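Notes for the one structure printed next.
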Amino acid sequence: MGPSASRRKLYQMVRPFGQREDNCASRLRLALTMMGAGIEMMRMNLQRKYPDESEQQIEHRLTHWLEYQPHSADYCCAMHRLRHRA
């Protein structure tokens, strides 16, 4: 029995242009490209939300957003400690 349709679609996303699945470099390249696209989308969102701010102010907001994601390792560790306090 082969992979499900959703799994095949996922494989197609991480194996662009029919490359072999074990080609880690192509998957990393794709992940970094997607990350860059996400950062640019957030920059555009910030520019729409704060149209009167300068590029420097937008860049500051973007940097803050990148550095303080709630799913970061520090946040996860802190939440784990809070949940499992004795």
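Limited to region 51-63, what total is found for residues that are surrounded by 11 or more Cβ atoms within 10 Å (Cβ to Cβ) and part of a helix (DSSP H, G or I)?
Residues that pass the stated criteria total 6.
Residue 86 fails exactly one of the following numbered conditions: (1) modelled with pLDDT under 70; (2) surrounded by 10 or more Cβ atoms within 10 Å (Cβ to Cβ); (3) part of a loop (DSSP other than H, G, I, E, B). What is the number of that condition?
All conditions are met except number (2).
Considering 48, 20, which residue is exposed (fewer than 10 other Cβ atoms within 10 Å of the Cβ) and either among the acidic types (Asp, Glu) or modelled with pLDDT under 85 (or both)?
Unique residue meeting the criteria: 20.
The values are calculated or read from the model by the stated rules, or taken from the named source; none is laboratory data. Computed from a prediction, not measured in an experiment: that's the story for all the values here. Note that each Cβ is placed from the backbone with ideal geometry, even for glycine, and that neighbours are counted across all protein chains shown.
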